[in-house]
1. Residue 129 fails exactly one of the following numbered conditions: (1) out of contact with any Cys (no Cβ under 7 Å at 6 or more places or on another chain); (2) buried (at least 19 other Cβ atoms within 10 Å of the Cβ); (3) not hydroxyl-bearing (Ser, Thr, Tyr). What is the number of that condition?
2. What are the pairs, 6+ residues apart or on separate chains, where a residue within region 112-136 that is closer than 16 Å to residue 71 by Cβ has its Cβ under 7 Å from a residue that is surrounded by fewer than 19 Cβ atoms within 10 Å (Cβ to Cβ)?
3. Which ones in region 213-226 are touching a Gly at 6+ places or on another chain (Cβ under 9 Å) and buried (at least 20 other Cβ atoms within 10 Å of the Cβ)?
4. Quick test for you: out of 9, 90, pick the one residue that is in contact with a Cys (Cβ under 9 Å, 6 or more places away or on another chain) and not aromatic (Phe, Trp, Tyr).
5. Picking from 193, 164, which residue would you name as being within 17 Å of the chain's Cα centre (by Cα), modelled with pLDDT of 95 or more and of a type in the set (Lys, Arg)?
6. Pull up region 73-100, narrow it to residues that are in contact with a strand residue (DSSP E or B) (Cβ under 6 Å, 6 or more places away or on another chain) and either basic (Lys, Arg) or assigned to a loop (DSSP other than H, G, I, E, B) (or both), then point me to the one that is farthest from residue 7 (Cα to Cα).
7. Answer yes or no as to whether residue 176 is in a helix (DSSP H, G or I), surrounded by fewer than 20 Cβ atoms within 10 Å (Cβ to Cβ) and either of a type in the set (Gly, Ala, Ser) or at positive phi (or both).
Amino acid sequence: MPLFAANLTLLFKEYPMMERFAAAREAGFEAVEVLFPYDHPIPEIRAALRLNELDLVLINCPPPNWTGGDRGYAAVPGLSERFRRDFRRTMRVAQALKPRHVHVMAGRASGMVARATFIENLRWAADEAPGQSLTIEPINTGDIPGYFLDDFDLAAEILDAVERPNVNLQFDTYHAQMITGDMCATWEAHGHRAVHVQVGGPPKRHEPSEGEIDHAAFFARLDAEGYDGFVSGEYHPKGHTEEGLGWIASA
C-alpha cells in the first residue's frame, strides 16, 4: 500500500485551516500537504504538525496569495528577480516546516523565452537550495488557462535541460488524464521521474474512487514498481471529506 497524505488546502474544508491537521490525523493520515502556508502563522503550523505527529510532504513556491493571484512566475520572462526573492522566502518557510518537497510553479507564459527562463530559474533554485527537493508539475490549461507547463513531454525536456538531482517530477493523475486522455500511458512514459504523486478523479476532480481512472489498479502498480514516495489526495470532496475516504481502503 502506498504512503498516503492529505492535501489540507482542498480536503477537510469543513474545518478552519488550523483544525484540519487534527482532522487529518483522526482520519488516519500521517502526512499532509499545505499548498500555500504563507497566509498563516508559521509557528502555529509547525505546532499543529508536531502536536498531531504529521509529516509535511509538500508546499508550493509562491504566490502567497492564491485567490486571484498569478499561478507562479518561474517561467514568466521579466519576473526572475521576483521569483528569486520569493523563492528565498519559501526557503525560510521550508527551514521552519521541513517539507519533503517544494513545488515550483511555472506560471502563465509561452514560447522559447519562457522555456529558457524556467530552466534558468530552476537551475538557480536548485543550486540555491541543494538540500531541498524541488518539483515541477504539468497542469492542464482547462484549470489554469495559459499555464506554461501544460505537457509531460515538455516537463521531461525541462528536467533534462535543468539537470539537477534535486529537481524532479510531480505527477498528478487528474492533470495527467485531463492533459493526455491516458493517465496510465503517461505514467508509463514519465513515472520514473516522479518523486511525488497526487490523485483526483477526472473529469470533476472529486475522490479518486470517482471518474475515469482505476486508481486501485494504479496503487497496485505503484507498489509493484517499488514507488516509495507519498500519494496525496488532492481533490474536491463531493461531500464531507471523511465520508469520501473509502478510496484509501481500496489500495
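1. (2)
2. 114/77; 117/77; 117/80; 121/80
3. Matches in region 213-226: 213, 215, 222.
4. Unique residue meeting the criteria: 90.
5. Going through 193, 164 in turn, the sole match is 193.
6. 75
7. Here the answer is no, as residue 176 does not meet what is asked.
One line per residue, one yes/no per condition, for (1) crowded, with 16+ Cβ neighbours inside 10 Å; (2) more than 26 Å from residue 21 (Cβ to Cβ); (3) of a type in the set (A, V, I, L, M, F, W, C):
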residue	(1), (2), (3)
186	yes, yes, no
196	yes, no, no
208	yes, no, no
231	yes, no, yes
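The values are calculated or read from the model by the stated rules, or taken from the named source; none is laboratory data. Owing to the predicted nature of the structure, the values given are computational and were not obtained by experimental measurement. Counting neighbours? That spans all protein chains shown, and the Cβs are built from the backbone with ideal geometry, glycine included.
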